[in-house]
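Visitor: Here you go, one structure.
The values are calculated or read from the model by the stated rules, or taken from the named source; none is laboratory data. This is a predicted model, so every value here is computed, not measured. Backbone-built Cβ (ideal geometry, glycine too); neighbour counts: all protein chains shown.
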């Protein structure tokens, strides 16, 4: 297997901003790469930067600068329903907090995710 075939996620120069008049730059030229089967940690000064990068990688948010992708594809070019199917079949998040709904049972909480 060639080395570049084992890359699962590759982002180059990713930018993301929010707002037009009061512009907040959440990501400024971020590069990130992860290989298949690897475990990676994201470190950033601001929680919003980590959350924003994960959201761009998984297609929840569109990048402001359109470079990079996941599994050598550019998620933001897919229609919303195909992004949802991709996340369902390929992406998993481990949250630092449980974010459970107290009115639901454990099984109902797991099923609602």
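Visitor: Would it be correct to say that residue 14 is in contact (Cβ under 8 Å) with a residue 12 or more places away in the chain and not in a helix (DSSP H, G or I)? Lay out the reasoning, then the answer.
Guide: Details: in contact (Cβ under 8 Å) with a residue 12 or more places away in the chain: yes; not in a helix (DSSP H, G or I): yes.
Judged against the criteria, residue 14 is a match.
Visitor: Quick one: in region 19-57, which of the residues that are assigned to a loop (DSSP other than H, G, I, E, B) and under 19 Å from residue 91 (Cβ atoms) is nearest to the chain's Cα centre (by Cα)?
Guide: From region 19-57, those assigned to a loop (DSSP other than H, G, I, E, B) are 19-23, 36-46; that's our starting set.
Subset that is under 19 Å from residue 91 (Cβ atoms): 36-42.
On the way: 36: 16, 37: 17, 38: 16, 39: 15, 40: 13, 41: 13, 42: 11 Å.
Filtering region 19-57 for residues that are assigned to a loop (DSSP other than H, G, I, E, B) and under 19 Å from residue 91 (Cβ atoms), the one nearest to the chain's Cα centre (by Cα) comes out as 42.
Visitor: Still on this structure, I have one more. Tell me which of these residue 76 doesn't satisfy, since it passes every other one: (1) at pLDDT below 80; (2) assigned to a loop (DSSP other than H, G, I, E, B); (3) within 14 Å of the chain's Cα centre (by Cα); (4) surrounded by 10 or more Cβ atoms within 10 Å (Cβ to Cβ).
Guide: If we test residue 76 against (1) at pLDDT below 80; (2) assigned to a loop (DSSP other than H, G, I, E, B); (3) within 14 Å of the chain's Cα centre (by Cα); (4) surrounded by 10 or more Cβ atoms within 10 Å (Cβ to Cβ), just (2) comes out false.
Visitor: Identify, from the list 19, 29, the residue that is surrounded by fewer than 13 Cβ atoms within 10 Å (Cβ to Cβ) and in contact (Cβ under 8 Å) with a residue 12 or more places away in the chain. Walk me through it before giving the result.
Guide: Working: 19 fails: in contact (Cβ under 8 Å) with a residue 12 or more places away in the chain.
None of the other options fit; the residue is 29.
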